[in-house]
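Everything on this sheet refers to the single structure shown next.
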Amino acid sequence: MIPELGKYAGPVLASYTVSLALLGLLIVASVLRSRRVKRELEQVEGRKDG
């Protein structure tokens, strides 16, 4: 199932690991920012009604 990477196994696996970690970080950052912006928007809309 796992391809034979030979002498390049270390760099290839490290690249995959770094890429997946960065994608995960981008997803977490996007979700956190989305929550913050949504909360700020609700506050602004609440001031407009009151």
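Nothing in this text is a laboratory measurement; each read-out follows from the coordinates by a stated rule. Given the structure is predicted, the values throughout are model-derived calculations rather than measurements.
Worth pointing out:
- 10 Å-binned pair-distance histogram of the chain (Cα, whole percent): 22, 24, 18, 15, 11, 7, 2
- Between the helical axis of 9-49 and the longest alpha-carbon principal axis of the chain there is an angle of about 0 degrees.
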